[in-house]
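A.B. asks: Take a look at this one; I'll ask things after.
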Amino acid sequence: MKILRLGGGPTLTLYADWETEPVDVTDRAHQYLCELVSVQSSLKVGDIFRLLRACPPLIDIFARWHAKEFLEHAEKGGEAWSDDVPHNERIEYLELSSEWFADGKTGRIEYSHKMKLSGMSPVQQADDLELGVSAGNRINFDVSGAILNCLDLSLRVDHRINFYPRSSSAKKKSKLPKIAREHVTLGDILEGFLFGISWFGGPGDGQEVVEAMQEMRSDEANWTCYSSVEEFETYLKQLTRTANHPQDVSCKKIFKKRGGIETDILTQAIWQLDDEMNSQASLDVQFKGKVRLKKKYREFDGKSLRTAFAAKLQEAKLDPIN
């Protein structure tokens, strides 16, 4: 049995079986991206960047998430969080977790392979009404703009899967599952981490967004307040229609009847169609006959429909690959 362990230093160690000595494969980490890995308590955030430096092929593999730029950025160093920073503003450690969507009534689960990176505050000693966090819990922070302050913090993995309902009303009608994701690969760890810190692009690209949010926060007089999640979701849907979202426009050109199914669900269904199966038949099974393709597309197999849908997206000036 092979066991891969990622620990501080960094050290990536392969235990092939119980009878042989462990092997240090840190400089060959790219060869083990698909192997299950056990993250040790000694792992620090800075160790991820040191792993990139120790195994240069990783920099090319994760170039989409600005691995080289963030490595150079991290090597400049940064100041650790001060103990003087209030509990509700300070990060104690970073955590990778899994967030999936579920429909408790139908049992349908939408799996996301990307892990989510979060900064976790110390346990709160009192309720934080502004952030909606009660005493005894931790505040979840985005860290894409503060990674230099986190280099000496622990990087942990939460194996519990956080399930969220597809809509706010679904939570009231159904019970969401509680399961754990025990099997995580080295690739999952590195992709989730680099994807999380590069949410706004390369180092410094998110500064304009942060400044805009700070400006909005200081201008509470002009805020629009919503009394419920449903009301806010309605506003977002209206905003999407007003903006003629390219995915929505493309779905209207492909489907004759959409059966009230949300655009993002239809889009995901198209990408997941079997290459050789008839598209309409596959959609009938998935959505129980609620959706209907326009006549010219009904005989298309999955691959042909995806090609047609991608063409419509390109017409709407949207890259279909997120």
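Rule-based calculations on the coordinates, nothing more; no lab input. This structure is a prediction, so every number in the text was calculated from the model and none was measured. Cβ coordinates were reconstructed from backbone atoms using ideal geometry, including for glycine residues, and neighbour counts include every protein chain displayed.
A.B. asks: Filter the trypsin sites (Lys or Arg not before Pro) in the range 39-82 to those in DSSP coil with at most 11 other Cβ atoms within 10 Å of their Cβ, and list the result.
C.D. replies: Filter output for the range 39-82: LYS76.
A.B. asks: Sticking with this structure for a sec: Which value in nm describes the separation of the simple spin-label points at ASN278 and ARG28, placed 7 Å from the Cα toward the beta carbon?
C.D. replies: In this crude spin-label approximation the distance works out to 5.1 nm.
A.B. asks: For the range 1-42, which chymotrypsin sites (Phe, Trp or Tyr not before Pro) are both in a DSSP coil and crowded by at most 12 other Cβ atoms within 10 Å?
C.D. replies: TRP18
A.B. asks: A further question follows. So how do VAL39, VAL85 line up by other beta-carbon neighbours within 10 Å, fewest first?
C.D. replies: Listing VAL39, VAL85 from fewest to most nearby Cβ atoms yields VAL85, VAL39.
A.B. asks: Moving to a separate point now. Using a basic spin-label model with each label point 7 Å from the Cα along Cα→Cβ, how many nm lie between HIS159 and ALA311?
C.D. replies: Going by the 7 Å Cα→Cβ label model, 4.9 nm.
A.B. asks: How much length is gained if the chain between LYS288 and LYS253 is pulled fully straight, taking 0.36 nm per residue apart and subtracting their Cα-Cα distance, in nm to one decimal?
C.D. replies: Computed gain between LYS288 and LYS253 is 10.5 nm.
A.B. asks: Could you state the per residue volume, in Å³, of the convex hull enclosing the Cα atoms of the range 38-109?
C.D. replies: Per-residue hull volume (Cα only) is 183 Å³.
A.B. asks: Could you line up SER112, SER98, SER304 from fewest to most neighbouring Cβ atoms inside 10 Å?
C.D. replies: SER112, SER304, SER98
A.B. asks: At 7 Å along Cα-to-Cβ for each site, give me the label-to-label distance between SER304 and GLU79 in nm.
C.D. replies: 6.4 nm
A.B. asks: Arranged by the count of other C-beta atoms within 10 angstrom, fewest first, what order do CYS150, CYS34 take?
C.D. replies: CYS34, CYS150
A.B. asks: Would you mind getting me the FRET efficiency between GLN268 and THR185? Use the beta-carbon distance for r and R0 = 25 Å, nearest 0.05.
C.D. replies: Given R0 = 25 Å and the Cβ-Cβ separation, E is 0.65.
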